[in-house]
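Here the structure comes first, spelled out in C-alpha cells, and everything after it is commentary.
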Amino acid sequence: MYFYRMKSKDIRDNLATEQYLMNNVEFDEPLVLFYIQKPCIIVGRNQNTLEEINSEYIKEHNITVTRRISGGGAVYDDLGNISFSFVVNSDDDNFGDFKKLTKPIIDALKDMGATTAEVSGRNDLMVDGKKFSGNAMYTKNGKMFSHGTLAYDVDLSVLADALNVPADKIASKGIKSVKSRVTNVKPYLKPEYQSLTTEEFRDKLILELFHTDDMSKISDKEYQLTDNDKKAIQKLNDDFYYNWDWVYGKSPDFSVKNRKHFDMGTVDIRYQISQGKINSVEIYGDYFGKKDSETIKQKLIGIPYSKTSIEEVLKDFDLDEYFSGIPKDQLYNLFTN
C-alpha cells in the first residue's frame, strides 16, 4: 500500500488531487490518501447545493463550499477532521461495500482505544451509536475510491448551523442529506491519543495502517507529486472545484419561496432555478408601490441565484418606489435569503 499526505488545507485542492491520482497515476498496490482542510462544506454529486447549506451563515464564517464527484450527502469539515480515501482497482464486489473498504480504519481506531467503532447502516462509521464518519464511493475506468470524513476534534456546533436550511424554503428533487447524531472520536480513544494535534492523529493512523512505529520505515511508500501532477490538478480545480457552474449550476432544478410580513405589507418572492440561474420570478403581496415590480423581475431572470448577483441587480433600483415604506436592507435580505 502507498500513502499520500495532502499539503493543501483547501478542500478543493484536495478533491482535485484525489480525482487526478485515481484517474491518471498507476499504482501496483492500493493508495490511501489523507487530507485536512479549513472549514468547508462538501455536497454530494446529486445534491442541490443551496438546499443543503445555510448560505448566510457560511458567508459570515468564511466557509468554503464545493461539490464532489461522488454521491451521498453533504458533510462539514474543519481542521479537527481528517478525510481519508482508499484508491483501488474496482470490481463489482467492492463497489458499495463500505464495511470492507473502511475495515482498516476501524481496526486502527479499535487498536487506539475506540473499541466500539463499527460500520453502521449504508455508509456511516459509528462509535457508541453516534456517527463520526460519513463515506462515499466513485468509480471510473476500472478504478475507484472510497472516501470519508473522520471527526477527531471538529466543532460540532458549527456543523449544526452551517447545514441548517428550513425544510419549507427550497423544493427540489436533489438527494437530501440524512441527519444523524454525530460525535468526535477523540473522547473514545486511549488517553495518550486524546492530546494529539490533527496532524499527529493522522500520522498515528498511518503507522497503524502500515503496522509500524516509525514513519521513516515507510518513506518509500509515500507518494510525492510531480510538477506535471500539480499542473493537471490545477486544471481540475479550474474546471470543477473552484467553478461556480460545477458547485451551484449542477444542482437539480428547484424552487425557492421567501415570504415576510412588514408593517407596510407582505412581500412573497418565488424563484424557479434551473442550472443555478433564475429561470423565473414572481413577486406577490399586499404591499404598495408607485412603480410595477415587473421591471425588477425581468432584470433578475437569467442571473446566477446568488446573494451577490441579486444585490447587484437591486442596487440599480430605488426600492421604495416599488415597495413603499419597507426598509431597503430588509428587502435585500428577503430577495437574497
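The values are calculated or read from the model by the stated rules, or taken from the named source; none is laboratory data. As the structure is a computational prediction, the values presented were derived from the model and not from experiment. Don't worry about glycine lacking a Cβ; one is built from the backbone with ideal geometry, like all the others, and counts go over all protein chains shown. Note: accessible area is taken over every heavy atom of the protein model, side chains too, but ligands, DNA and RNA are not part of it. Shrake-Rupley method; radii C 1.70, N 1.55, O 1.52, S 1.80 Å.
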Notebook entry, point to check: Across segment 155-183, which residue is modelled with the lowest pLDDT among those that are closer than 18 Å to Ser83 by Cα and out of contact with any helix residue (DSSP H, G or I) (no Cβ under 9 Å at 6 or more places or on another chain)?
Noted result: Leu159
Notebook entry, point to check: Taking into account only those residues within segment 43-67 that are part of a loop (DSSP other than H, G, I, E, B) and open to solvent by less than 20 Å² (accessible area, probe 1.4 Å), which is nearest to Thr139 (Cα to Cα)?
Noted result: Gly44
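Which of the residues that make up segment 291-326 are open to solvent by 60 Å² or more (accessible area, probe 1.4 Å) and of a type outside the set (Val, Ile, Thr)? Can you show your working first?
Keep residues of segment 291-326 that are open to solvent by 60 Å² or more (accessible area, probe 1.4 Å), which gives 291-292, 294-295, 298-299, 301, 308, 312, 315-316, 318, 320.
Passing the criteria: Lys291, Asp292, Glu294, Gln298, Lys299, Glu312, Lys315, Asp316, Asp318, Asp320.
Test Gly129 against the stated conditions and say whether it is modelled with pLDDT of 85 or more and open to solvent by less than 60 Å² (accessible area, probe 1.4 Å). Spell out how you get there, then give the answer.
Details: modelled with pLDDT of 85 or more: yes; open to solvent by less than 60 Å² (accessible area, probe 1.4 Å): yes.
In short, yes.
Please verify whether Thr116 is β-branched (Val, Ile, Thr) and either without any contact (Cβ under 8 Å) to a residue 40 or more places away in the chain or farther than 17 Å from Gln37 by Cα (or both), treating the condition exactly as stated.
Numbers: β-branched (Val, Ile, Thr): yes; either without any contact (Cβ under 8 Å) to a residue 40 or more places away in the chain or farther than 17 Å from Gln37 by Cα (or both): yes.
Yes: the conditions hold for Thr116.
Just checking, how many residues over segment 260-284 are touching a residue at least 24 places away in the same chain (Cβ under 8 Å) and outside any loop (DSSP other than H, G, I, E, B)? Quick ask: steps written out before the conclusion?
Step one: list which residues in segment 260-284 are touching a residue at least 24 places away in the same chain (Cβ under 8 Å), which gives 260, 262-265, 267, 269, 271, 273, 275-279.
Filter once more, keeping what is outside any loop (DSSP other than H, G, I, E, B): 260, 262, 265, 267, 269, 271, 273, 277-279.
So the count comes out to 10.
For residues that are open to solvent by 30 Å² or more (accessible area, probe 1.4 Å) and touching a Ser or Thr at 6+ places or on another chain (Cβ under 8 Å), scanning just segment 76-115, find the one that is modelled with the lowest pLDDT.
The residue in question is Phe95.
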